[in-house]
1. When you check residue 61 against the structure, is it surrounded by 13 or more Cβ atoms within 10 Å (Cβ to Cβ) and assigned to a helix (DSSP H, G or I), yes or no?
2. Among 143, 108, 103, which is within 17 Å of the chain's Cα centre (by Cα), closer than 19 Å to residue 223 by Cα and surrounded by fewer than 19 Cβ atoms within 10 Å (Cβ to Cβ)?
3. Determine, yes or no, whether residue 237 is at pLDDT 90 or above, crowded, with 22+ Cβ neighbours inside 10 Å and in a helix (DSSP H, G or I).
4. Applying the selection to the stretch 180-201, what residues are over 16 Å from residue 118 (Cβ atoms) and in contact (Cβ under 8 Å) with a residue 24 or more places away in the chain?
5. Which condition breaks for residue 162 when tested against (1) at pLDDT 85 or above; (2) in contact with a helix residue (DSSP H, G or I) (Cβ under 9 Å, 6 or more places away or on another chain); (3) farther than 27 Å from residue 244 by Cβ; (4) in a helix (DSSP H, G or I)?
6. Hey, does the stretch 67-81 have a residue that's under 30 Å from residue 198 (Cα atoms) and free of Cβ contacts under 8 Å to residues at least 60 places away in the same chain?
């Protein structure tokens, strides 16, 4: 004897239809706005001649790593390799997707992390949601994105934002909560307002932990680009997917190598954005 099947699928379909009927205009506006941002970032990156952009990124790496000429040189060679492999335009689309996704994820997660650090109730409410988000298989994020936004770069960006948010939110919350009580008491003794205490005491002290969350957010966003290519996100991830589908080892390896190069550069930049005295 079998138990009667619960109408879970039908309930989800009804909910989706209700959202599309009443909030379709909002979804269309979000889609158009994201498409504009992604296209704008990509056009800007492609507009800059590759040699100039390679030089600018290498100088940026040299500057943020405190004149590490070896790392700056390796950055230049890595980007030159991406250009030589004829993957530059795809790499710029991937970078645009990562930048837009990271900016949106941080714009949501950092304020929420600050709010959760100041409210035990909000922290308790967010913890199970974050646990759920971090244990959910990454492919599952593609389903609602496709349902509401169709195929293309926009649903890939939406899925990436949701996938990359949890570590930045958790580490922002953790960093502020780990600020020594003595510093908070001193700030209170000098009559600091809550805003002054946050901006001049808590955030500067928690900055290394927050930047670790930013770093993890960027890495997760980049890792999601390959998965998001399954719903038409494009870029280097799509090149990897095509290589797998055609069993073209060379094509997949070259695109994967370009993704690794971009990941290492972004990782080194974000790891060194915190001033040296903050890491002591």
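The values are calculated or read from the model by the stated rules, or taken from the named source; none is laboratory data. All of these numbers come straight from a predicted model, not from anything done at the bench. Cβ: placed from backbone, ideal geometry, glycine included. Neighbour counts: every protein chain shown.
1. Yes.
2. When all the criteria are applied, what remains is 103.
3. Answer is no for this residue.
4. The one that is over 16 Å from residue 118 (Cβ atoms) and in contact (Cβ under 8 Å) with a residue 24 or more places away in the chain: 180.
5. Every listed condition holds for residue 162 apart from (3).
6. Within the stretch 67-81, not a single residue is under 30 Å from residue 198 (Cα atoms) and free of Cβ contacts under 8 Å to residues at least 60 places away in the same chain.
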